[in-house]
Amino acid sequence: MDLHSIWFIFIALLFTILFLLEGFDFGTGILLPFMGSDDRERRSVINTIGPFWLGNEVWLVSAGGAMFAAFPGWYASLLSGFYPLFLLMLLSLIFRGAAFEFRSKFSNPALKRVSEWIIFGGSLVPALLWGVILSNFIGGVPVDASGNYTGALSNLLNPFALAGGAASALTFTLYGALFLSLKTSGSVKERAVGIAKKLWAPATLSLMVCIACSVTVTSIKPGILPLLSLLSLAAVLLLLQKNRSGVAFIMTALAIIFSALAIFTNLYPRVLVSNLNPAWSLTIYNASSSEYTLGILTVVALIFTPLVIIAQCWSYWVFRERVSTDSELEY
């Protein structure tokens, strides 16, 4: 296997870890305004992801940085063509982070509620946009012979991409509800389980629609991975009925992993599909850095990636306890 393929797999791995960690993070933020009956309960919800949300975004920076270093042609075409979506995502994440930090500083209840709705919006928009962006990866976008994106924003908001956005937003929200059922107690936990049961059907249906669209609208061959993703999600309701929230959380994580694998395996060896002419698609070879650069990057990745994983595992271990309204709430 050459270095180009290794770096494609590495970037796919970084994005998969990002979706695994940011998925429940975004889902919790989306559910925040609906989870607590009072300020103390909603604050406990924020504290379930308070120690993690900033660390989770490290994987976004890592994936973007790896893409820039290993495949500058992909990075340039993606950022120049998809910039309205990435700009909206960036602004959402900035306002979301500010709301996390400042909500507990406000004494005015109205300002606290405004902060909660900013967290809601700042979580919903990225959750939706990731599905839109990844669907466009495999669905194809107008890329010319020079590798430049020649379309408009409307090209990115096609039916298949919007179906992908709905599927990612609903799956992440379900994932967040299951995370809350594991990290909270009392009435908040009961409410999270109830919401997860209600979200299961729309999340599963949206994934089915997305898979059906990928078959009918695009030229990709779905294979077994989307089916595994759907089966993993289908098992969640049965597990919830048996009060197995932990296993249900793992099955939702598997659904996200299988979905990400389906996208990147269908994409390989391309990195951005041209719907103008398949020969104009960006690939791991015509959009990559030199072999020498990839070799240096491999050494750097081998040193620092394990350190990031160790640091993040440690933080999850330290803050592994459930959060209740009686806990010391920092956020």
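The values are calculated or read from the model by the stated rules, or taken from the named source; none is laboratory data. All values derive from a computational prediction rather than experimental measurement. Here Cβ is always computed from backbone atoms with ideal geometry, including for glycine, and neighbour counts include all displayed protein chains. The area values use the complete protein model at the heavy-atom level, side chains included, leaving out ligands, DNA and RNA. Shrake-Rupley method; radii C 1.70, N 1.55, O 1.52, S 1.80 Å.
Points to keep in mind about this one:
- Residues of the stretch 1-14 satisfying the condition of being open to solvent by 10 Å² or more (accessible area, probe 1.4 Å) and either within 13 Å of the chain's Cα centre (by Cα) or closer than 15 Å to Thr184 by Cβ (or both): Ala12, Leu13
- Checking each residue in the stretch 30-71 for being open to solvent by 20 Å² or more (accessible area, probe 1.4 Å) and in a loop (DSSP other than H, G, I, E, B) picks out Ser37, Asp38, Pro51, Glu57.
- In the stretch 297-309, the condition of being in contact with a strand residue (DSSP E or B) (Cβ under 7 Å, 6 or more places away or on another chain) and open to solvent by 50 Å² or more (accessible area, probe 1.4 Å) is met by no residue.
- Taken over the stretch 213-228, the residue count meeting the criterion of being at pLDDT 80 or above and open to solvent by less than 40 Å² (accessible area, probe 1.4 Å) is 4.
- Residues that are part of a helix (DSSP H, G or I), crowded, with 17+ Cβ neighbours inside 10 Å and in contact (Cβ under 8 Å) with a residue 40 or more places away in the chain, drawn from the stretch 147-162: Leu156, Phe160
- Checked against (1) in contact (Cβ under 8 Å) with a residue 24 or more places away in the chain; (2) closer than 30 Å to Thr283 by Cβ, Asp39 meets all criteria but (2).
- Residues of the stretch 131-146 that are of a type in the set (S, T, N, Q) and surrounded by 21 or more Cβ atoms within 10 Å (Cβ to Cβ): Ser135, Asn136.
- For beta carbons closer than 9 Å, sequence separation of 6+ or different chains, a first residue in the stretch 83-102 that is closer than 25 Å to Glu330 by Cα and touching a residue at least 24 places away in the same chain (Cβ under 8 Å) and a second that is charged (D, E, K, R) and not in a helix (DSSP H, G or I), the qualifying pairs are Leu93/Glu57; Gly97/Glu57.
- Checked against the criterion of being surrounded by fewer than 21 Cβ atoms within 10 Å (Cβ to Cβ) and at negative phi, the candidates Leu78, Leu111 yield just one match: Leu111.
- Some residue of the stretch 83-99 being farther than 27 Å from Phe68 by Cβ and in a helix (DSSP H, G or I): yes
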